[in-house]
Amino acid sequence: MHPYRTHTCGELRPAHAGREVRLSGWAHRKRDHGNLVFLDLRDHYGLTQCVIDTASPLFAEVEKVSPESVVTVTGTVVARSAETVNATLATGQVELQISAFNIESAADMLPMQVAGDAEYSEDLRLRYRFLDLRRDRLHANIVLRNQVIASIRRRMIEQGFMEFQTPILTASSPEGARDYLVPSRIHPGKFYALPQAPQQFKQLLMISGFDRYFQIAPCFRDEDARADRSPGEFYQLDLEMSYVTQDDVFAAVEPVLHGVFVEFAKGAPVTPTPFPRIPLAESMLRYGSDKPDLRNPILISDVTEAFRGSNFGLFARVVEKGAVVRAIPAPKAATRPRSFYDKLNDWAKAEGMGGLGYAVFADNEVRGPIAKNLEPARLEAIRTASGVAAGDAVFFVCAPKAEAAKFAGAVRTRLGQELELIEANVFKFCWVTDFPMYERDPDTGKIEFSHNPFSMPQGGLEALTSKDPPDILAFQYDIVCNGVELSSGAIRNHRPDIMYKAFEIAGYSAADVEARFGGMLSAFKFGAPPHGGSAPGIDRIVMLLAGEPNIREVVAFPMNQQAEDLLMGAPAPVDPARLRDVHIRVEMPKAKEPRGS
RNA sequence: GGGGGUGUAGCUCAGUCCGGUUAGAGCGCCGGCCUGUCACGCCGGAGGCCGCGGGUUCGAGUCCCGUCACUCCCGCCA
């Protein structure tokens, strides 16, 4: 007999009755009846009830085994009597009569219980991640992650994509997030950087003639964490294709994401392909966000003209100075008490808005402080624009365009939640397209790349030379699901002449471009196919499919918000000799104690 | 870098608003009883720098100041 197991803890069925078997696993839970003990043995595959009574000399040993000890149990499979079958357990029709018992590894008193669904602080869970990973929820999430990645890989290969590995130690990229730096021992004062994404490598692979690239790629960015953003590192389904238009990329990505979501959504509806395409400008107007949550039925509209020159002086004056007014409908909110509106007003102030005006479209009248100051024609214009019916209310945001869009989006989200309008258990996808190539820094007035500097401007060189930079759009797109940005991508700029011009507009000389992207640029000068791609975030996909609100729930060993690994103790000070090896001298910030480890 | 929330037993939390006897509960742990449970049940017990430091007060878990940790958000994330 195998020293550890003949079967797994999820395997035994009535057909095994009478067989002598051996199981190994963790002592999940014990029910001690004094002269009879039930021991639930757990492994990756399931749970099996083992039983022993005082007739056995092993009884005392089994009775005192501590939870989460690893044990090997040998015995006879016994069919349970009808009254004692546990229908909630896959192995619940049988149990194991213990005839031999060996403790492989005894467990101390636990800082957190594995059995049961008690909640623990994230601090504790990260410190004892190996215990947390044994628990149902996290264990299932990591299994799901594995299945999602396997499915993605299969779907990509079926579509003719080749999987690559690209360097982890690479060069710092001048645009984008802060890099993680790795000092060079051989080259004093020089550093490698961990890749923020394999962006340049995948483009080089296209130029190298491989046609269709993908990678489940680790990406490293030294930026602060969020609930949906891992500190330090995360994974992307990075992909790139040659000789493609934007539509070709969409047509390649959609079936993969749609297929994976249908496969793992447990019956929840998934937007059919092709996914809706929403230009960024429309997204900002109608949804108040560059990542619209289409589960929320509320649509924002512009009602600036209804307030221009009106008796509602507060808005009229600001509109004269160039502000816009956005209307956010609140379906069936007319019967809500005054407190509903006051509460939202207080919330708006706390969010940094001046307040939140509103009008209530009741059956025969329009009520509210703003409505009193507007003529019927103006109210009718608002009603038409916002599409409200009798019984609805409308909220108003008045501010400079960008700010108004953002606040209106926050109001839309808040109303969707308050009025319980957000559709549950559904995955709603869309593409957000036509991102601008540049934006003007509001403080300095300087023109900067708004997203990826390697994107192809719509209209090519001609657009760059003839248009006002903020008006130039790029073949740049995001994919959004339920208000979560899953990926961004672009058709790349493969033309050196266009690239020099694009960088020139953002204030980089030809020499700058050559110094920073010399490798890429030389590649473009020796025959580069038109190409483009995208990079959906793996962690976010799994997070959505697992129904988790936090990305750390789908990562086996995440760092905490301070980018520390509490289990391994990273980051940590290193021996001075090792610092000398890499020519580093540490200068501590003043008046701040270093974080201990 | 900034703002909000949290910090009390191994763990999850109550008590803090409005200062006053020996700081409680559930789970876990230890001991006892229990032969059909599956979140087993019953009885008993141990376990506390009330995050840390300072202050106010006759008296601080509770009020004030500072600080640290965790978390959520803003900045940041081409």
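The values are calculated or read from the model by the stated rules, or taken from the named source; none is laboratory data. Quick caveat: nothing in here was measured; it's all calculated off a predicted structure. Backbone-built Cβ (ideal geometry, glycine too); neighbour counts: all protein chains shown.
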inquiry  = Here is a list: A:T48, A:T91. Which entry is within 12 Å of RNA strand B (Cβ to nearest atom), buried (at least 18 other Cβ atoms within 10 Å of the Cβ), modelled with pLDDT of 95 or more and part of a loop (DSSP other than H, G, I, E, B)?
reply    = A:T91
ask   = When segment A:503-523 is examined, which residues are found to be in contact (Cβ under 8 Å) with a residue 40 or more places away in the chain and either surrounded by 14 or more Cβ atoms within 10 Å (Cβ to Cβ) or farther than 19 Å from A:D238 by Cβ (or both)?
value = A:F503, A:I505, A:A506, A:G507, A:R516, A:F517, A:M520, A:A523
query = Applying the selection to segment A:211-238, what residues are of a type in the set (G, A, S) and either near RNA strand B (Cβ under 10 Å from one of its atoms) or part of a strand (DSSP E or B) (or both)?
reply = A:A217, A:A225, A:A227, A:G232
ask   = Can you name every residue in segment A:95-125 that is near RNA strand B (Cβ under 9 Å from one of its atoms), among the hydrophobic types (A, V, I, L, M, F, W, C) and surrounded by 19 or more Cβ atoms within 10 Å (Cβ to Cβ)?
value = A:A115
remark   = Across (1) away from RNA strand B (no atom under 16 Å from the Cβ); (2) among the aromatic types (F, W, Y); (3) part of a loop (DSSP other than H, G, I, E, B); (4) surrounded by 18 or more Cβ atoms within 10 Å (Cβ to Cβ), A:F526 clears everything bar (4)
inquiry  = Going by what's in this entry, would A:E68 be described as within 13 Å of RNA strand B (Cβ to nearest atom) and either out of contact with any strand residue (DSSP E or B) (no Cβ under 8 Å at 6 or more places or on another chain) or assigned to a helix (DSSP H, G or I) (or both)?
reply    = no
task = Among residues belonging to segment A:14-45 that are within 15 Å of RNA strand B (Cβ to nearest atom) and of a type in the set (D, E, K, R), point out the one that is farthest from A:G116 (Cα to Cα).
result = A:D32
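Has segment A:386-403 got at least one residue that is out of contact with any strand residue (DSSP E or B) (no Cβ under 8 Å at 6 or more places or on another chain) and either part of a loop (DSSP other than H, G, I, E, B) or of a type in the set (F, W, Y) (or both)? It would help to see each step written out before you state the result.
So the first thing to find is which residues in segment A:386-403 are out of contact with any strand residue (DSSP E or B) (no Cβ under 8 Å at 6 or more places or on another chain), and the list is A:402-403.
If we keep only those that are either part of a loop (DSSP other than H, G, I, E, B) or of a type in the set (F, W, Y) (or both) too, we end up with none.
Checked segment A:386-403: no residue is out of contact with any strand residue (DSSP E or B) (no Cβ under 8 Å at 6 or more places or on another chain) and either part of a loop (DSSP other than H, G, I, E, B) or of a type in the set (F, W, Y) (or both).
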task = Could you check how many residues of segment A:96-132 are in a loop (DSSP other than H, G, I, E, B), touching a Pro at 6+ places or on another chain (Cβ under 9 Å) and over 16 Å from A:K30 (Cα atoms)?
result = 2
